[in-house]
1. When you go through B:220, B:132 one by one, which is the residue that is assigned to a strand (DSSP E or B) and buried (at least 17 other Cβ atoms within 10 Å of the Cβ)?
2. Out of the residues in region A:5-27 meeting the condition of being open to solvent by 20 Å² or more (accessible area, probe 1.4 Å) and in contact with a helix residue (DSSP H, G or I) (Cβ under 8 Å, 6 or more places away or on another chain), tell me which one is farthest from the other protein chains (Cβ to nearest Cβ).
3. Do we have residue B:276 as open to solvent by less than 10 Å² (accessible area, probe 1.4 Å), among the hydrophobic types (A, V, I, L, M, F, W, C) and in contact with an Asp or Glu (Cβ under 8 Å, 6 or more places away or on another chain) here?
4. With open to solvent by 20 Å² or more (accessible area, probe 1.4 Å), of a type outside the set (A, V, I, L, M) and in contact (Cβ under 8 Å) with a residue 40 or more places away in the chain as the only criterion, which of B:175, B:245, B:228 stands out?
5. Which residues, taken from region A:289-314, are under 18 Å from residue A:245 (Cα atoms) and open to solvent by 30 Å² or more (accessible area, probe 1.4 Å)?
6. With the condition kept exactly as written, say whether any residue in region A:248-265 is buried (at least 17 other Cβ atoms within 10 Å of the Cβ) and within 29 Å of residue A:47 (Cβ to Cβ).
7. Which ranges mark the strands (runs of 3 or more DSSP E) fully within region B:541-593 that have 2 or more residues being open to solvent by 50 Å² or more (accessible area, probe 1.4 Å) and within 14 Å of residue B:529 (Cβ to Cβ)?
8. Could you tell me which numbered condition residue B:660 fails, if it satisfies all but one of (1) assigned to a helix (DSSP H, G or I); (2) within 13 Å of another protein chain (Cβ to nearest Cβ)?
Amino acid sequence: MKPFTYERATTPAAAASAAARVPGAKFIAGGTNLLDLMKIGVEEPAHLIDVNGLDLDTIEPTDEGGLRLGAMVRNTDLAADARIRRDYPLLSRALLAGASGQLRNKATTGGNLLQRTRCPYFYDTNQACNKRLPGSGCAAIGGFSRQHAIVGASKSCIAVHPSDMAVAMRALDATVETVRPDGSTRRIPIADFHTLPGNTPHIENVLAPGELITAVTLPRPVGGTQLYHKVRDRASYAFALVSVAMIVQPDGSGRVALGGVAHKPWRVEAAETEFPKGAKAVATRLLAGAQPTEGNAFKVTLVERTIAASLAEAKEAKA
Amino acid sequence: MKFDTPATTNPIDRLKVVGQPVDRIDGPFKTTGTAHYAYEQHEAVPHHAYGYVVGSSIAKGRIVSIDLTRAQRAPGVLAIVTAKTAGKLDKGKFNTARLLGGPEIEHYHQAVAVVVAETFEQARAAAQLVRVDYARSPGKFDLAAAKDSARKPDRGKSDTAVGDFAAGFAASAVKLDAMYTTPDHSHAMMEPHASIAAWEGDKLTLWTANQMIDWGRGDVAITLGIPKENVRLISPYIGGGFGGKLFVRSDALLAALGARAAKRPVAVALPRPFMINNTTHRPATIQRIRIGASKDGKIQAIGHESWSGDLPGGDPETAVQQTRLLYAGANRMTATRLAVLDLPEGNAMRAPGEASGLMALEIAIDEMAEKLGMDPVEFRILNDTQVDPEKPDRPFSQRRLVECLRTGAKRFGWEHRATRPATRRDGRWLVGMGMAAAFRNNLVMKSGARVRLDRNGRVTVETDMTDIGTGSYTIIAQTAAEMMGLPLDRIDVRLGDSTFPVSSGSGGQWGGNSSTAGVYAACVKLREAIAQKLGLDPNAANFEDGKVAVGQRSVPITQAAAAGDVVAEDSMEYGDLGKRYQQSTFGAHFVEARVDAATGEIRVDRMLAVCAAGRILNPKSARSQVIGAMTMGVGAALMEELVVDRRLGFFVNHDLAGYEVPVHADIPHQDVVFLDETDPMSSPMKAKGVGELGICGVAAAVANAVYNATGVRVRDYPVTLDKFIDTLPPVA
């Protein structure tokens, strides 16, 4: 671990400005991912800006009838919030499907969106990884890729985004609020927040240097039956092989987003017009152009079957 | 004391303390953090420095050069040791690869340097600055590809044959010929390999996590080229081993070398990835099983072949050994082949041989039962044998497999199992039941102890036996209490120090029976010494309730130590009872599992183990051993696999996020039954091993339950959904 300096920010704008000022600076919130990566030399920030004391840990109603989730709201608190459980059960379920109780107690809303991939080659500094060391290559391609992407990947990177929470937020059309080093703020639709790897897999989102997430807003509740189906080899504390976030309305229309299949939460709005035709049609549109590896081709089948199971469950819940 | 005739009645048979489910006496220390593990010996070794290991980034090749300049200049660095600067090092008897590599590299993450610094963080930071330039050479990393190059191993029995297997198999009415694979497994124990080394002149003391103190002491001496007398190993508490700590590993050697270079004590712990690629693992196997039976279900021919790989000079996974003994059949063969692989060193992990062998054999038996249209329990019972099938004049000392099977079937509700697979459904779940026989040989090892009675009437037991979380402290105390007629709280047990008499150590499920038998031997001597001091006939003396009595005369035991401690030391050695009688432990595992009809996710609902393993010295700690082993068996069945990168030659998923082991949510209620049994051929304790029996057959029972639920047979472990999702019926 490289020695680093540390400061506690006093306001979001000050944090953003400090981050832009000091080269190699990073924000630290819960630290559940960053500290692990620092210990093994994958992340080597020269300076840490602690954003835990910025009063960003409340959940408040918005004027539009939605909720504004402070960036420092812990995953545990968010999942347990009565308004979330009542109006956005999808989000609560996704959160509770992730990590462990101890990790959720520390992990934050903003930090969860910025989790790095769990690709084992990314975690091993002896191995080629364009995400860790741009231009070094990708050892996962042709290697162990059971957990890896089947859509939206590139010749540079086949990693997946590991978050469950973000998949639910994608289905809920959340918006990410930020503050930039110059003090200005902006709102980024979650659909535009995470990026595909392309030739720059080390870039994982659209945040500019120093830009700090201050909140995530949820629009008015959309109702319907909300399900989060996470498929994994063991019952808890495992990353998704695939996950399906689904909202089904009484009229049979709905939304679906996938986790564990791409470099970002995967949603193709056009696929949702296929809901009346059933799982196969939805999955086919969602995974159009999929290029799985030999090791993860099963995910294509698994996605379709998990969507089918979710549709069936939604039907049952309605009945 | 020599044990060469079957045990008769002895003081242990009173079972006032032995056989009682008493709490672990080390439990309160562990739950309050006052049991100090190797890396926590800060009171014994204040002001030690920290060493951090640098591992090879290639699997095979040579070090061209090492640049230490930046690391040496890093803050807090005290010393850096590489093979070049370590001085002459030999290789321990129990190591296959060298613990400090260079210039030749034998496997990924083989240690190439240790960086010693004032703090752990400084050592780790500096270790990341060590620049090593390697020249890679091609290696063999793929067992399937290397299978045809496999040869008979140099050591052990590679081939067995009885009758005429080929003819017997060919003539059988019902035949099975199937291939199975098991992957590499990691011990994945909680406590990492860790050591603190301190030199005093040319004498070395090592606080280290090690299951076998005397083996370790010998190998440290050999490796460093110093007399064994100059090495002291101390290992009072061990946070799990499962075979991963049977041998000296790089943490111990590099702590010793680092301490010598830095001229002060040094602590080294291996980070988790090193536990997977730097230390040992259970090797993967490819197994072929052929079984032929008559129409009425009698096995006529049984053949088991196994292929595994290891570094040059290594050993095979002996996956066929149970097949020589478990079922009857006149025509038999086994073969063990070993390929050279340049992966990290393969070695023992919990129930080496049987755990992997039964993963395959007990699926094969399930398949045969189905082919014969027989119930799997009945098929096993029909083919039971009470004698060694290879040497029919050699009986088992005890063999109550049939009782295990029948007891288990009844208790588990086996009659509710659907005979036809894929016919039981509970909502979205496919439900099935599976079972398997459990078998593990019973090994006995010479074991010694020293016992001391003091004037306060306390008895102290000293032996270099280890407690790897199994309950050794407790059963040893129970043994001494029973022998001396004292309550448990008057016994002090001191373990894991090479200044104590050499014990059996912990491994191969021999530790419980062997180490307590050694304590028994020492206590017999102590009883004699005490009786003599009290002027009583040692042969007639009865030790009970703190008194020694002969006829009407009864004297408090403390009186014997009034003038000074009474000390006795002895060990238990074994004659040829193990040759004359086949000593094994038996069991039956029953599992109910459910499979998500849509996603193929598998969850275990219920588990039962019935064990026949001699006298159970402490039902509570024995049950803990068995449920832990059953949990490990679920891991082997459903998730555990060290994934080999066949291009780069290493285990890719080298942390506990990637190498999944069961979590609480994966494990349902586990029921364990011990048959009431004593085995007078095993030792005066009449006990046998049980900690490894518990894992044997579990994975196959789970796999058979999955088959019963889905109708899809998976012969390649772990049984994960990607291997059968394509064959599940459409989602309703």
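1. B:132
2. Taking region A:5-27 and keeping what is open to solvent by 20 Å² or more (accessible area, probe 1.4 Å), we get A:5-8, A:10-14, A:17, A:20-27.
Subset that is in contact with a helix residue (DSSP H, G or I) (Cβ under 8 Å, 6 or more places away or on another chain): A:7, A:25-27.
Details: A:7: 19, A:25: 19, A:26: 17, A:27: 21 Å.
So the residue we want is A:27.
3. Spelling it out, residue B:276 is indeed open to solvent by less than 10 Å² (accessible area, probe 1.4 Å), among the hydrophobic types (A, V, I, L, M, F, W, C) and in contact with an Asp or Glu (Cβ under 8 Å, 6 or more places away or on another chain).
4. One residue alone meets the criteria, B:175.
5. Taking region A:289-314 as the starting set, the residues that turn out to be under 18 Å from residue A:245 (Cα atoms) are A:299-314.
Residues satisfying the conditions are A:300, A:301, A:304, A:311, A:312, A:313.
6. Yes, the conditions are met somewhere in region A:248-265.
7. Answer list for region B:541-593: B:566-574.
8. Residue B:660 satisfies every listed condition except (1).
The values are calculated or read from the model by the stated rules, or taken from the named source; none is laboratory data. None of these values were measured; they are calculated from a predicted model. Reconstructed Cβ throughout: ideal geometry from the backbone, glycine too, with neighbour counts over all protein chains shown. Keep in mind that these areas ignore ligands, DNA and RNA; they rest on the heavy atoms of the full protein, side chains included. Shrake-Rupley method; radii C 1.70, N 1.55, O 1.52, S 1.80 Å.
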